[in-house]
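Every number here is computed from the coordinates shown, using simple stated rules; none is lab data. The model shown is predicted, which means the values in this text are computed figures rather than measured ones. Methodologically, a virtual Cβ is constructed for each residue, glycine included, from the backbone with ideal geometry; neighbour enumeration extends over all protein chains shown.
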Amino acid sequence: MCLVLLVNGLFGIWFSYREQKASLTRIQREQAESAAGKIGEFIKGIESEIGWTTQLPSTASLRERHFDALRLLRQVPAVAEFAWVDAAGREQLRVSRVSTDTVAGGTDLSQEPRFTEPVAHKIYYGPIYFRRESEPYMTLALAGARRDAGVSIAEVNLKFIWDVVSQIKVGKDGLAYVVDARGRLIAHPDISLVLRNTDVSQLSQVLAARAGGQGMPRVEVAQDVQGRRVLTAFAPIVPPGWMVFVELPIAEAYAPLYASLVATGLVLLAGLVLTILASLMLARKMVTPIRVLQTGAAQIGKGALDHRIEIVTGDELEALGNQFNEMAARLQESYATLERKVEERTHQLELANLAKSRFLAAASHDLRQPLHALGLFVAQLRADIDPVERRRIVARIDSAVAAMNDLFNALLDISKLDAGVLIPDPAVFAIRPLLRRMETTFAGVAHEKGLKLRVMASSAWVRSDPVLLERILLNLVSNAVRYTDRGGVFVGCHRRGDSLRIEVWDSGIGIPDDQRRNIFGEFYQLAGNEAGRRGGLGLGLAIVDRLCRLLGHPIELASIPGRGSRFAVLVPWEAARPEATEPPSPLQEIVDPFRNKLVVVIDDDALVLEGIGGLLRGWGCHVVAGESADAALARLRDRTRCPDLIISDFRLSGRENGIEAIEHLRRAFRIRIPAFLISGDTAPERLREAAAGGYHLLHKPVPPITLRAMLTRFLKDNPVVEDLVGPASVDGRL
Amino acid sequence: MDGRDIRIDFRWAAGDIGLMKAYAGELAGLKPDVILVMSNPAMALVQQQTRSLPTVFVAVADPVGSGFVQSLARPGGNVTGFTNFESSMGGKWLEVLKEIAPRVARVMVLLHPETRAHMSFWGAAEAAAPSFSVKLTMAGVHDAAEIERAAAAFAREPNGGMIVLPHTVTEVHRMTIIESAARYRLPAVYPFRHFAIEGGLISYGVDLIDAFRGAATYVDRILRGAKPGELPVQAANKFELLINLKTARALGIAVPPSLLARTDEVIE
């Protein structure tokens, strides 16, 4: 912007300078020419008036000539004195304004220039001279056309030229002056310069004018008589060879230029100031909000999420500030949400911890009860009692052991589910056999309690994990039977859309609305019901809940306290398949597959070795038992067969653990022998470790039925049912 | 503008030398930037009062001879101005008188004897007198009575004529002079036009108004800083010839055509 102003200003000044100079040049030249014209006319006028006096016939009397001279003086005020000289150079007449006239004076002028010059050249312009010290005069002499006409000599007062010159106005301090052919000042507004007979022949413009005449530049910058720098122009006055100079002081000539320069400078300055102000304002407008943004962002970055940036500029910066504020608000919000979530989670964890404690307390209580009973029964057995009493006590012991076994199984299930190692194995199967087993399982118990159990048959097929679904239904029906004292239990199913809705009804105590969530927690039992009386552990619904979630089967509950409850599980419905494949059951009765199988059992507990070994031998297996892989191998040397199955305790007293022992044996036989682990350690970590190694893990105590089920899976010729823990052991069979 | 740009104080002594002297003191006491003075006696009185206040004179004759300036080209001091007549005018006036009244053989020159310039005029006239065959009589006057007396005495003899020199005294008592000339039938030549207009026979001299105009330019230049000592004394250049034909007729004078032809203004 400044540059534009500057360039504009400079162009303006340049054009102004050129225009000004050209205009001044024109004016001065015109004035010089006009003055030269006037002076020329003045001189010519005088010449012509004097010329008349030379026209008088040679016979004219001196009286006539005197009269003519008086006429000349009257008509030409500039002529102060007139003289007529005859052809011989004798002055015959002298007429003056201020002194007495002389007639026939006879003064001899024949040798003087004022006579010889006009005789030779018709006209003579004498040098400037001064009368009474101060009056500029010039002798102007004319010769007549005829030789005998004589010469007319006039003394011309040149102050009249000063009139002409002083009338020329050039600007304020400009002036015009006249210089004669020899470079002497003839007329100048400051008459004193003329009266002092000033010689200006050395002024550069006079030198140039005298030397070059028309060819020289008409205007130039020079110094004038007073030493000022001036813009000068001249015009020649041709007849006398004089020159008129018109001069204007540079200072004045260029005053408009300077004014323009000053104006341009001021405009420039103003422009500059404005530009600076504008940029300052802009910077202020920009920088201040940017600083606010910067500090605000820094504050927010430091974690002061409640900081808000305040910018009121109404432009993009304000929008940016608002965006920052929104961002901060969102951050704050999500931070708060996060905190809330953390709090919630912490609370949940606390609750879970509480539940765990409650669980442990309940579990230990539930375990202590049968253990306590067992202690009592064992004490009774030590006493010598009669066989009837002994049988009764043994039955009681059986019952207590069964209860403990159930409890451990349930805990194991929960543990497995919580560890996430239970992977559903969905299959399409008919629901009918499953329902039938429900009926056969609970018919006896129901009958004992005087309840009516009715299971409606269904021809529907579903997609689910048959084992886990059966466990869900077992728990539900078991619960229904347990909590119902009068009436009955009804199990039925019907299709609803893509689902088969399996419902378990009872006419039991019902569940109050406010307890519906709790009943799915561990060890929860409805108030007023003692564990012993109900005979349950309170883990059933917890298992159901976990399994349903695992399988993705929604479970619904409807209940009226005192009237009964209805649990419903929704299972994906499938079209019936032509060949009905009976789903495998843990209770499948298969004996033959175990016969003559070689099973290696590794456990550092001799009692366990003996117990399991005896059980397996009872089922027809050949058993090699050892407290370590090496011990087992040592015994296997005697045999040429490769073991069909390895069962190892997870924790061994030797340097190897169960997994390493299994690997040891597999390396020895260079084949992936099927194997699974047993462990007294119920920690979920064990399960995960086992799963990571691709091994199934059974927890001690292992009920014979479970052991048998595992053997069935691992030793069956055709392993249709995949193992719960994955294909590793199955592959091992190959 | 008077009172704003410049202030003008003026005193008119009307030919009273005493008054003139007092006024000169008053004006010098005002310490003006420039004093404009008319006539030789006034100039002399002002010069007595001050040698430093810039002074411009008008209608002063022979300033060098009178001691007002050192030279005409470079006056040098605090004084400059416009002269009216060269001393040669004494002869010229005689020539003019002789031309309009050729019968005049005796000429009385009315002058102020204490004015030096008048002696110069007198000298020039006396030098020219033989060529015009006239006899000159000097009449020094200071007031109307002396004028009256001089005229009466001079007119006792015939063929008389009169030259009136420029001076405050002749200026102030011009009507006395003109009336005396008429009464004693004396053809007279005067230095300024207003004498002819007011009844004088003939006037030949410079245009005073022109001289004042020139003086004004000098005052202007002095006010603008010019030094009076560097401004040359200028001469009045515009000469006028006026003839009062009524007076001529009254005197029984037939103005020759050669003179009428040169006349700038004829008063009928």
Item to check | Fraction of antiparallel bridges per DSSP, chain A only, in percent to nearest 5 | outcome: 80 percent
Next on the checklist: With +1 assigned to the C-beta of every Lys and Arg and -1 to the C-beta of every Asp and Glu, and no other charges, what is the dipole magnitude of chain B about the Cα centre in debye, to the nearest 20?
Outcome noted: 260 debye
Checklist outcome for this item: Kirkwood calc, the range A:52-151, C-alpha pairs only, radius in angstrom 13.8 Å
Item to check | Check: the range A:52-151 dipole with +1 on Lys, Arg Cβ and -1 on Asp, Glu Cβ, in debye | outcome: 240 debye
Checklist entry - Out of A:615, B:255, A:202, whose Cα points farthest toward the positive end of the dipole of the protein assembly as shown (charges: +1 Lys, Arg; -1 Asp, Glu; placed on Cβ)? => result A:615
Next on the checklist: Limiting things to C-alpha atoms, what are the Rg and the maximum Cα-Cα separation (Dmax) for the range A:1-66, in angstroms?
Outcome noted: 27.3, 89
Item to check | Peptide B:86-93, shielding by other chains (average Cβ, 10 Å cutoff) | outcome: 4
Item to check | Averaged over B:227-238, number of beta-carbon atoms from partner chains that fall within 10 Å | outcome: 4
Checklist outcome for this item: Here the whole-number average of other chain Cβ atoms within 10 Å per Cβ of A:127-134 is 4
Item to check | Calculated FRET efficiency for the pair residue A:75/residue A:223, C-beta based, R₀ 51 Å, to 0.05 | outcome: 0.80
Next on the checklist: Roughly how far apart, in whole Å, are the Cα centres of the range A:7-26 and the range B:27-73?
Outcome noted: 50 Å
Item to check | the range B:110-176: GluC sites (Glu not before Pro) falling in loop per DSSP and having at most 16 other Cβ within 10 Å | outcome: B:114
Next on the checklist: Please compute the Kirkwood hydrodynamic radius of the range A:422-574 from all pairs of different C-alpha atoms, in Å with one decimal.
Outcome noted: 15.5 Å
Item to check | Rg/Rg_globular for the range A:592-732, with Rg_globular taken as 2.2 N^0.38 Å and Rg from C-alpha atoms | outcome: 0.94
Checklist outcome for this item: Given Cβ charges of +1 for Lys and Arg and -1 for Asp and Glu, the option among A:669, B:192, A:415 whose Cα lies farthest towards the positive end of the dipole of the protein assembly as shown is A:669
Item to check | Hull-based mean projected area of chain B, where the convex hull spans the alpha carbons, in square nanometres | outcome: 14.1 nm²
Item to check | Packing-based exposure ordering (other Cβ within 10 Å, fewest first) of A:313, A:484 | outcome: A:313, A:484
Next on the checklist: If a paramagnetic tag sat 7 Å from the Cα of residue A:318 along the Cα-Cβ line, which residues of the range A:267-302 would have the backbone N under 17 Å from that point?
Outcome noted: A:282, A:284-293
Checklist entry - Given the rule -39500 (n - 2.57) for each run of at least 4 DSSP H residues, summed and divided by the residues of chain A, what is its mean residue ellipticity at 222 nm, to the nearest 500 deg cm²/dmol? => result -16500 deg cm²/dmol
Checklist outcome for this item: Longest principal axis of chain B (C-alpha) makes with the long axis of helix B:40-49 (C-alpha) an angle, in degrees to the nearest 10, of 20 degrees
Item to check | Enclosed volume per residue, in Å³, of the convex hull spanned by Cα atoms of the protein assembly as shown | outcome: 432 Å³
Item to check | Neighbourhood net charge (15 Å Cβ-Cβ; Lys/Arg +1, Asp/Glu -1) for residue B:41 | outcome: -2
Item to check | Those lysines that a straight Cα-Cα span of less than 20 Å connects to residue B:227, excepting residues fewer than 8 apart in one chain | outcome: B:31
Next on the checklist: Order B:21-30, A:425-434 from most to least packed using the mean count of other Cβ atoms within 10 Å.
Outcome noted: A:425-434, B:21-30
Checklist entry - Ordered by packing density, taken as the mean number of other Cβ atoms within 10 Å over each peptide's residues, highest first, how do A:565-576, A:467-478 rank? => result A:467-478, A:565-576
Checklist entry - With point charges of +1 on the Cβ of Lys and Arg and -1 on the Cβ of Asp and Glu, referenced to the Cα centre of the protein assembly as shown, which listed residue (B:177, A:281, B:118) lies farthest in the positive direction of the dipole? => result A:281
Next on the checklist: What three numbers, in Å, describe the spread of the alpha carbons of the range B:1-147 along their principal axes, ordered from the longest?
Outcome noted: 58, 38, 28
Checklist entry - How far, in nm, would the chain grow between residue A:198 and residue A:11 when pulled straight, counting 0.36 nm per residue and subtracting the alpha carbon separation? => result 63.1 nm
Checklist outcome for this item: Share (percent) of C-alpha pair distances in the range B:76-203 greater than 25 Å works out to 17 percent
Item to check | Backbone N under 15 Å from the residue B:19 label point (7 Å along Cα→Cβ), restricted to the range B:119-162 | outcome: B:143-144
Item to check | Only Lys, Arg (+1) and Asp, Glu (-1) charged, at Cβ; chain A dipole about Cα centre in debye | outcome: 1080 debye
Item to check | 14 Å cut-off, amide nitrogen to a point 7 angstrom out along residue B:105 Cα→Cβ, residues in the range B:249-268 | outcome: none
